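So the structure is just underneath, and the comments pick up after that.
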Amino acid sequence: MKRTLVYKSLIFTLLATVSCRTVSVLPESSYRLKKNIIHIKDNDKVKASDLEPYLRQKSNTYYFLGWNPFIYIYNWSKKGSEGWRDFTKSIGQAPVEYDSTAVYSTRLNFINHLKSLGYYDCNVKDSVVKRGRKASVIYSVETGSAYKLTNIKYDIEDKDIAKYILEDSSNSYIKEGEALSETILVNESDRISELLKRKGYYSFSNNYISFVADTSLGNRTASIVMIVRNYSRNEDPKERKNHRVYYINKVSILPDYDPTESVAGGAIIRDSVMTEKGVQINFRSKLRVRRYFLDRLNQINPGERYDLSLVNSTYNRFNNVNLFTGTNIRFDEVESADSTKGLVDCQIRLTPSKRQGYTLNLELSSNSNSLFGISPAVSYFHKNLFRGGEWLNLGFMGNFQMNLNNMVKSTELGVSASLSIPDFLFLPDIYLSGMANTLPRTDMKMLYNYQDRPEFTRTLVSAAYGYSWRRGKTTSYNLYPLQLSIVRLKNISSTFYQSLENPFIRNSYRNYFDLGAGFSINYISNPDPDTRESVVKIRWNNDIAGNVISIFDSSFKRDSTGARLIGNTPYSQYLKSDFTISYTTWITEKSALAFRFNGGIGYA
């Protein structure tokens, strides 16, 4: 009887929800926007998903085969008390009211975007289908044909700048056979501006670059001329002046900069020291980061030519050491005795972060089998242990469980420690090509874990020593020449061991001594987490263990199975390699399709 009543209640609620109109909260003469439909008639290269971000009004999100229950819930807010209305609005979703002005704005957005892609003869029409109180908007898009580039010329006033641009023309976005578009012209202006700033032209900007296109050649072809002048688009030709290469004059680092100082207007007297490279470090009463480390992170040095890539590298390196919440690099142009050479002063302002901290965690648990548990955990970190960006992490954990009926209990205790040093210890401090943005690190890890259960007593000791570094933004490496793991079991229950039917699980409940090395490579084609481009990820792991130890086999004892023993524990000997590749491609703005392949091989 009770079960029938529940079913009837659920059916009644469902019918009430479905029967409730989704437009009851809208004005009587208005319509709910049901959906937008984009039809592109004459171009396979432009997708509807490319135009969706330019919609000025989007319909409600739909679930469950085109149904959105949250719209119905929102409509319940039309009746009832004020508290009820607030509650239904908070969990519901307001229906989108059709707006004809938004349709007009969307058409303009589509046209402007298509023209930026080079479709200058595009045409966008809209139509509205109304059924009941719902409206669907259909956009019919004809892109037309884009102009193809057949000839590219350069008109550059400064010969030195012309040399740099022509030498790097292979990286140009403007190529013969490509479509002429505003997008590639903007991208090329940005590329040229960044290129010249890497060559020392600190004051150069896009305003010195312009383009002239000739579309009268016929057959939907065009020629283009890139023009680089010695005066900007906002200046008169009479104001032309030669572009100057800039050099770094003075460099100062403020490792304990407080942004509120400039707001308060009070200048704090600082002590200062000079580095070997001639960089001045200004600080308050105590320098909490070694000047050698600050000098090593910084790649902007007095007397050197201004280089935007070194500025970006310095910015990234200070951010990546995790010692500062803010990094600001400021340049100020100063007078130069040489009119052909520019000078800039550089000030690197670093806002320090919290150097130490700890966390406490306590979990309590119980279940129907009268098993009660308590799990405390404490962790501590220090991000600047020896005043050189060394990361120390300590962890302590416990897990205590007992049965309240028969006092059967289990205990687990664990201690972990890790130290990461921003340097290659015991190796030359090499800076491989592409490593300028980050520092290599040396990592040391140790772990001890003790488990005392009714079925067994087990101790686990592990340690690792290795190096990690990056090459560019896409590839990272980990090399561990030392990896140690020791497991010792005592008092293991024969009944428990025999109950383990899976051989892999059974194999994990044995003593072993594992000493070896490991190497891994990680690659991602686009590290931007917000990208909507296709992304490829690759991970390749390699491990080797016991092969060096096997050289000394003749001096080791054997157990009853014939395995060689180290301290009464068999050692592992194997080679293994595993490979993972994944590919993610975006279908729409909110939907993606992902593929993954895993493979591995091992020899024991």
Legend entry - Pair residue 382, residue 79: separation of 7 Å Cα→Cβ label points (nm): 6.8
Inset, instruction - Using only the Cα atoms, work out Rg/Rh for the chain, with Rh taken as the Kirkwood radius, to two decimals. - result: 1.05
Legend entry - Whole-percent pair-distance distribution, where bins are 5 Å wide, for the alpha carbons of the range 168-298: 2, 8, 13, 12, 11, 10, 9, 10, 9, 7, 4, 3, 2, 1, 0
Legend entry - Eligible lysines near residue 35 by straight Cα distance, threshold 18 Å, same-chain separation 8 or greater: 47, 58, 125, 130, 134, 590
Inset, instruction - Starting from the amide H of residue 249, placed 1.01 Å from N in the peptide plane, find each other amide H under 5 Å away whose residue is 5 or more places distant or on another chain. - result: 303, 344, 345, 346
Legend entry - Label-to-label distance, nm, for residues given as residue 393 and residue 150 (7 Å Cα→Cβ offset): 6.2
Legend entry - residue 509-residue 191 FRET efficiency (beta carbon distance; Förster radius 56 Å; 0.05 resolution): 0.40
Inset, instruction - Give the cross-link partners of residue 537 among the aspartates and glutamates, using a straight C-alpha distance below 18 Å as the criterion and excluding same-chain residues fewer than 8 apart. - result: 528, 578
Inset, instruction - Would you please put 395-405, 366-376 in order of how densely packed they are, using the mean number of other Cβ atoms within 10 angstrom per residue and starting with the highest? - result: 395-405, 366-376
Legend entry - Förster-model FRET efficiency, 60 Å R0, residue 528 and residue 565, C-beta, rounded to 0.05: 0.70
Inset, instruction - For residue 579 and residue 521, compute 0.36 nm times the residue count separating them, minus their Cα-Cα distance, and round to one decimal in nm. - result: 19.9 nm
Legend entry - J(HN,Hα) series, the range 48-61, from Karplus relation 6.51 cos²θ - 1.76 cosθ + 1.60, nearest Hz, glycine and proline x: 4, 5, 5, 9, 4, x, 9, 5, 7, 9, 10, 6, 5, 6
Inset, instruction - Treat the range 434-551 as a sphere of radius equal to its Kirkwood radius over Cα pairs and apply Stokes-Einstein at 25 °C in a medium of 0.890 mPa s; give the translational diffusion coefficient in µm²/s, rounded to a whole number. - result: 140
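Relative contact order (percent) for the range 39-101, with alpha-carbon contacts under 8 angstrom and 6 or more residues of separation?
On the way: 44 pairs, mean separation 17.6, N = 63.
For the range 39-101, the relative contact order is 28 percent.
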Legend entry - Pairwise label distance in nanometres, residue 598 with residue 411, each label 7 Å out on the Cα-Cβ vector: 3.6
Legend entry - Efficiency of FRET between residue 427 and residue 449 - r from beta-carbon atoms, R0 41 angstrom, step 0.05: 0.85
Inset, instruction - Would you work out the relative contact order for the range 337-393, in percent, from Cα pairs under 8 angstrom that are 6 or more residues apart? - result: 25
Inset, instruction - Compute the length gained on full extension between residue 337 and residue 367: take 0.36 nm times their separation in residues and subtract their Cα-Cα distance, giving the result in nm to one decimal. - result: 2.7 nm
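Over all directions, the average projected area of the alpha-carbon convex hull for the range 278-324 comes to how many nm²? Present the calculation step by step, with values, prior to reporting the outcome.
Numbers: hull surface 14.6 nm².
Quarter of the Cα hull surface area: 3.6 nm².
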Inset, instruction - Just check the range 233-390 against the gyration tensor rule for me: Cα atoms, a ≥ b ≥ c as the square roots of the eigenvalues, rounded for a/c under 1.5, and otherwise prolate or oblate depending on whether a/b exceeds b/c. - result: prolate
Inset, instruction - Please work out how many pairs of lysine residues in the range 272-412 are eight or more positions apart (or on different chains) and have Cα atoms closer than 29 angstrom. - result: 7
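222 nm [θ] for the chain, helices only, -39500 (n - 2.57) per DSSP H run of 4+, per residue, to 500? It would help to have the intermediate numbers written out before the result.
Details: 12 runs with 120 residues, N = 604.
Value at 222 nm, helices only: -6000 deg cm²/dmol.
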Legend entry - Added length on full extension, which subtracts the Cα-Cα distance from 0.36 nm per residue, residue 284 to residue 37: 82.7 nm
Inset, instruction - For the range 489-535, just list the percent of Cα-Cα distances falling in each 10 Å bin from zero outward, please. - result: 17, 25, 15, 18, 20, 6
Legend entry - Sequence ranges 440-450, 282-292, 198-208, ranked by mean other-Cβ count within 10 angstrom, highest first: 198-208, 440-450, 282-292
Legend entry - Largest to smallest principal axis extent of the C-alpha atoms in the range 86-224, angstrom: 68, 45, 21
Inset, instruction - Starting with the highest mean, order 500-506, 95-101, 174-180 by the number of other Cβ atoms within 10 Å, averaged over the residues of each peptide. - result: 95-101, 174-180, 500-506
Inset, instruction - Restricting to the chain, compute how many DSSP beta bridges are antiparallel as a %, nearest 5. - result: 85
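Readers should treat all values here as calculations from the given coordinates under stated rules, not as data from a laboratory. Quantities reported herein were computed from a predicted structural model and do not represent experimental measurements. For neighbour counting, all protein chains shown are included, and Cβ atoms are generated from backbone atoms with ideal geometry for every residue, glycine included.
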